[in-house]
1. With a probe of 1.4 Å, find how much accessible area the range 242-289 has per residue, and write the answer as a whole number in Å².
2. How much length would be gained if the chain were fully extended between Glu185 and Ser466, taking 0.36 nm per residue of separation minus their Cα-Cα distance, in nm to one decimal?
3. Along the Cα→Cβ direction, 7 angstrom out, place labels at Gln415 and Gln36. What is the inter-label distance in nm?
4. Provide the convex hull volume over Cα atoms per residue for the range 107-252, in Å³.
5. How many nm separate the modelled label positions at Thr679 and Asp243, each set 7 Å beyond the Cα in the direction of the Cβ?
6. Classify the range 384-458 as rounded, prolate or oblate, taking a ≥ b ≥ c as the square roots of the eigenvalues of its Cα gyration tensor: rounded when a/c is under 1.5, otherwise prolate if a/b is larger than b/c and oblate if not.
7. Provide the gained length on full extension for the span Ser288 to Gln704, in nm with one decimal, where the gain is 0.36 nm per separating residue minus the Cα-Cα distance.
8. Give, in nm to one decimal, the length gained when the segment between Thr355 and Asp161 is fully stretched (0.36 nm per residue of separation minus the Cα-Cα distance).
Amino acid sequence: DLIDNSLDAAIQGQNDDDGDHNSFTGRLHVYPDVYQVPRGPAAASSTTTGLCIVNNCINTIRPLEKVLEVYNSSKVDSGAGDIGENGVGLKQGCATLSDLSFVLVKNGSDENIELGIVAKDLQREEGCYLPAFKFSNKKGKGSPSLKDQMMRLFSQPHHADVVSCIAQYGAASFGSDPNLVVGVERLCGHFDRICHNFFNDPHVFLVILDKVHHGQSEEYVQNAWDAQQKITVNRLMKDLGNDIPRTYLHIPSSFDFMIGDKKAEFKYWPQRLVELTSFTVNINPKISWQHKFDPTVHPDSYELRVFVGFDGLRITDPNAGKEPSLFVHSRQSGRLIKHHPDARTILRLTASGSTYCQGLTIIIDDIRGNLPLNPTKQSVAFGEEAHGAIHEENLMAWVGGVAHFFYNFHFKKFQELKRALTQKIASFGDVLLKKNRQTKTLDSSDLTTYHLSFKKIDKYIRADKSSAQEIVGSDTLYRLSAERSRTASASKKGTNGRKRKATSANNNVTRPSKSLKIPRRRQPDSYREAEAELESDRETKEGDMEEVDGSDDNYPPTQPAAKIQPRRRQPVSSREAESDREMDEVDDNDDSDHPTQPAVNSRPSKERLISRRESENEEAASEADVGEIGEDHPAQPTANHNAAAEQMNDDDECTEEDYKGLCGRLTLKTITQKAEINTQKAEIELLRDELAEEKALHQTMQQQIQSMQMMIPVDDMPMMAMYKSNKKATKKSEGGDQDPQSKINSSCAASSKPTPQKGSKSSPRKGHPTV
């Protein structure tokens with residue numbers, strides 16, 4: 001809040017057309033409050049007592065008695081550029097970070113300076129007391145010094161509480177007594193800095209936070225206050241250096257923002273977002289888009305900028321979420337107002353699975369301040385508006401439509417494969433961490449954009465993809481380019497990204513599927529009809545055999561074809577051998593003396609196989625014309641049917657279609673084996689890593705055991721020897737072999753121990769007590 005108040009005052013007028021404002025350079029410096037503690041006539045040491053925040057302002061600062069006024073923190077007639085904005089953020093920030101704070105103001109000239117105090121000790125149950133005083137720092141003959149003015153004012157009895165606060169500020173180091181003179185001298189030094197040593201700006205605002213309590217325990221502060229206070233201030237300044245660039249979007253490059261001795265660079269998002277793109281949409285805060293869909297400019301609507309990209313660093317952080325994040329920034333400075341870690345629900349995007357979970361980042365930029373904010377500027381307050389619900393619905397619907405288009409536009413570059421998109425975005429991680437490319441701020445960057453036309457689809461706003469035109473920006477540093485592999489391009493070739501249909505060439509061969517599991521097709525109904533026709537023809541042609549058999553009743557009825565059960569795919573050589581045996585049996589049956597009495601479990605004849613194959617080819621062709629067949633259950637011929645078709649006649653040669661089908665099956669088998677080999681290699685690497693860790697742990701334990709053995713007194717050596725002998729006997733009884741490495745360690749440990757001589761009195765080692 002304190003930084004935001006300073007930025008609101010210092011950044012105002014940076015982009016104005018007025019010539020006077022163009023010459024103004026905003027400044028905001030954050031530095032530790034250091035006091036030189038005298039240790040002797042010629043020696044002094046510095047101690048850090050707190051934190052200082054100073055900024056300039058192009059406009060006149062409101063009087064401190066109005067800024068620190070209690071119970072008057074409304075936003076009415078406050079002015080967005082006024083320092084402290086009636087003191088809401090100022091008083092809250094000072095009370096949170098410190099029990100004693102001072103506010104110093106230079107308002108136009110050295111003759112008009114003010115001092116305000118925000119102290120915990122000045123508050124009573126009767127009411128709050130935030131005093132403010134006016135002084136003059138004019139140098140010249142006859143003018144009293146600033147120190148004399150303060151000492152004369154604070155010597156009055158009714159300012160005793162204020163005197164105690166200033167004296168407490170004079171006790172710079174821990175253990176020092178409160179000193180009013182030292183406290184006044186320190187305040188005069190800060191006034192001299194803002195009047196003469198801060199670039200001669202006429203309007204300067206300074207906040208001093210004394211004894212900052214930020215994230216430390218009270219007990220540690222009492223024991224080592226000086227060291228802990230320095231650590232606390234340095235940690236707070238480091239946190240500001242990390243968070244400030246992400247909090248503000250539109251701080252110009254000419255702005256002088258110093259944290260300690262380092263300048264803050266506001267290039268956070270351009271340095272880490274892949275395919276950073278800018279969109280502009282029109283938001284109507286009064287009329288619902290579902291009642292009147294009008295994407296053009298309306299008198300009541302306002303333009304809203306939306307930045308979208310993939311976070312290349314967040315996707316590689318195992319502790320960070322990969323869900324789409326929404327950041328809402330508002331006002332001229334681009335202050336971060338709200339952050340949604342997972343914005344799929346509020347943007348009406350698919351919230352199941354890993355869709356949109358590739359580090360997608362959406363940034364709403366309300367640079368004109370059209371979004372209603374709460375008094376602390378920590379959230380959007382749609383409830384403060386008469387049509388707040390409509391305003392929120394329209395805002396999220398348009399932003400969701402933009403995010404939907406952006407994600408799917410780049411998703412299709414990788415054939416809608418989430419893993420390929422994730423790996424490509426993660427590959428930018430090392431480049432983003434280096435940050436070796438000079439970039440512009442987000443507001444001044446020439447980013448990629450699109451010419452889009454939006455339309456209403458049910459309850460959603462969607463972009464017309466057919467008319468989308470991409471305009472590549474020169475400042476979009478990291479671009480996504482599709483890298484199609486050879487296997488992926490072959491599988492999708494000629495299908496325009498759609499699943500492959502089951503097609504046939506000359507009604508004989510069906511292309512092999514990519515699926516690893518190829519189930520057998522259901523037995524066609526025409527199979528039984530063709531079998532019945534063959535049996536009737538055979539009865540007509542072999543009528544003379546009825547006299548030998550005596551009656552047609554002896555002819556066994558035609559057995560229905562048993563349903564072919566799925567089984568594992570056999571190698572090509574096995575299927576050819578099986579087909580040869582089948583055709584040999586068919587020829588033997590045709591040459592037999594009693595062809596009219598086949599066995600029940602005998603194989604079908606050659607004519608029945610031919611008829612079966614033709615009927616299946618006709619049914620496969622009819623099914624291919626109806627529509628697509630899913631990848632999980634593609635239409636494929638069974639192994640028996642392929643074998644029968646390949647070996648239909650002994651005199652037929654292998655056709656081109658048969659050869660293509662064989663090549664397709666071999667290619668599929670090769671790809672499957674390669675995938676299994678890669679999986680096995682990965683498992684082997686994991687096992688090697690685990691083995692190395694186990695060896696390292698074992699070696700560490702052995703070293704610890706040796707060091708502990710060396711510490712055992714000599715009197716306990718017989719006991720250790722008896723323990724080792726019992727341990728060896730136990731191992732021999734169990735039949736287990738000792739590890740060679742453990743044998744070496746044991747022998748080394750035994751050789752390093754001193755053995756007492758016989759007849760000599762053993763004594764404990766020097767420096768080691770007897771157990």
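The values are calculated or read from the model by the stated rules, or taken from the named source; none is laboratory data. Here the structure is a predicted model, which means the values were calculated and not measured. Backbone-built Cβ (ideal geometry, glycine too); neighbour counts: all protein chains shown. Accessible surface is based on the protein model in full, side chains and every heavy atom, while ligands, DNA and RNA are left aside. Shrake-Rupley method; radii C 1.70, N 1.55, O 1.52, S 1.80 Å.
1. So the range 242-289 comes to 36 Å² accessible per residue, rounded to a whole number.
2. 93.9 nm
3. 7.3
4. Convex hull volume per residue, Cα atoms: 170 Å³.
5. Here the modelled spin labels are 4.8 nm apart.
6. Oblate, since a/c reaches 1.5 and b/c is not below a/b.
7. That pair, Ser288 and Gln704, stretches by 142.4 nm at full extension.
8. 63.6 nm
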